[in-house]
Amino acid sequence: MWKYPIDEDLFDAFSKYSKIAGVIFIILGAIGIIYPVFMTLATVTFISWLMIFGGFIAGYFTYLSDKSNPLGWLKSFVLFVIGLLMIFYPMTGVGTVGLLLAVYFFMDSFASFSIALSMRPTNGWIWWFINAIFSLLIGILFIIGWPFTSMYLIGLLVGFSLFFDGFSLLITGSIFKKMTK
């Protein structure tokens, strides 16, 4: 079945750990679906800390590579300050992340419409079209009540994503377990 020799222990380890991670993701996803405001605040806090950490790392590499580079220091400063602002003013962070997600969904909708129209005579174009419509609707939902709808939509979308990622990991782990038998 495989062209190259693959260590069977790798499949066993992946099967075991993907099931553990899958259950954790399903639990976190269910929490996000049931309590979307909590998941929204957790997501924005996580993004804030990533930005603060990124600011430190950017500053460290600017220090190591070129201490006289003002743009490197500016990048580090901006990441650090925006991360701190999102920590101390989480509602501003929620609104910002919601606006970024709205832009993402509008761009995804445009790309999906383009793919659907370019594939139109072939099979499968309708799925791209449906994906485009759903992305457009989600983008509109973010914009209609922005920034207030962001408080629920971010957590809800992250919750659904984690929930379905968890199921995907469980299924993949089960398939890999069957492959090693």
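No lab work stands behind these numbers, since they all come straight from the coordinates. Predicted model, so just to flag it, every value in this text is computed and none were measured. Please note: Cβ atoms are built from the backbone with ideal geometry, for glycine as well, and neighbour counts cover all protein chains shown.
Does the stretch 116-181 come out rounded, prolate or oblate, given a ≥ b ≥ c as the square roots of the eigenvalues of its C-alpha gyration tensor, rounded meaning a/c under 1.5 and, failing that, prolate meaning a/b above b/c?
It is oblate, given that a/c is not under 1.5 and a/b is not larger than b/c.
Can you sort I57, I52, I87 by how many other beta carbons sit within 10 Å, fewest first?
I57, I87, I52
Per residue and in cubic angstrom, what volume does the convex hull of the Cα atoms of the stretch 10-179 have?
177
Would you compute, from DSSP H runs of 4+ residues alone, the mean residue ellipticity of the chain at 222 nm, taking -39500 (n - 2.57) per run and dividing by the full residue count, rounded to the nearest 500?
-30500 deg cm²/dmol
About its Cα centre, what dipole magnitude does the chain give when the only charges are +1 on Lys and Arg Cβ and -1 on Asp and Glu Cβ, stated in debye to the nearest 20?
For this selection, approximately 180 debye.
In nm, what is the difference between 0.36 nm times the number of residues separating F160 and R120 and their Cα-Cα distance?
Separation in residues times 0.36 nm, less the Cα-Cα distance, equals 11.4 nm.
Just need the relative contact order of the chain here, percent rounded to a whole number, with Cα pairs under 8 Å and 6+ apart.
The normalised contact order for the chain reaches 41 percent.
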